[in-house]
Amino acid sequence: MLKVSYDIACQWHKKLHQWMDNIPPSLQLNLHDWSVSFLVLKFHLPTHITSCQWSFSFNWTKGVGRTDGEEPKRGWANLNAAASSTKDMGPGHCQDTIDDYMGDWNWKQLVRLGLFFLPLDPQRT
């Protein structure tokens, strides 16, 4: 099972198999062996026509829980600081740097979560 979410998945998926045939064989996926669902991110869905809202909604799709599909975008702001550095890097170094930035982002999010779950001790000031 594969769930693919994109702002315009309702249009993009129509020619996916055709596009897949035109890319190098090493990059092609045999999607015929998969159960693929295409979904539109919840933030973008209200701007789509009604038929898209029903057919491509996370709300009506089994196996996605209550996700909104927007999570991958939330870390992008953290990567803006890396843009000027990574544009001159080779592929491996660039990937390592982006991994470091995203690891830092994830760590900061984890630490911030802890602030919400700390027990309140009235004896501490």
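The values are calculated or read from the model by the stated rules, or taken from the named source; none is laboratory data. Since this is a predicted model, take the numbers as computed values, not measurements. Every residue, glycine among them, receives a Cβ derived from its backbone with ideal geometry; neighbour counts consider all protein chains shown.
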Check: If only one of Asp96, Asp68 is of a type in the set (D, E, K, R), without any contact (Cβ under 8 Å) to a residue 60 or more places away in the chain and part of a helix (DSSP H, G or I), which one is it?
Finding: Asp96
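Taking only the stretch 2-52 into account, find how many residues are within 21 Å of Glu70 (Cβ to Cβ) and either in a loop (DSSP other than H, G, I, E, B) or of a type outside the set (Ser, Thr, Tyr) (or both).
Residues of the stretch 2-52 within 21 Å of Glu70 (Cβ to Cβ): 2-13, 36-49, 52.
Filter once more, so that each one left must be either in a loop (DSSP other than H, G, I, E, B) or of a type outside the set (Ser, Thr, Tyr) (or both): 2-4, 6-13, 36, 38-46, 48-49, 52.
Result for the stretch 2-52: 24.
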Note to self: So, Gly63, is that one on the phi > 0 side of the Ramachandran plot and touching a Ser or Thr at 6+ places or on another chain (Cβ under 7 Å) or not?
What the structure shows: no
Item checked: Condition met for Leu41 (under 21 Å from the mean Cα position of the chain (by Cα) and at pLDDT below 85) -> no
Next item on the list: Read through the list (1) surrounded by 13 or more Cβ atoms within 10 Å (Cβ to Cβ); (2) within 27 Å of Val40 (Cα to Cα), then give the number of the only condition that Ala82 fails.
Entry: (2)
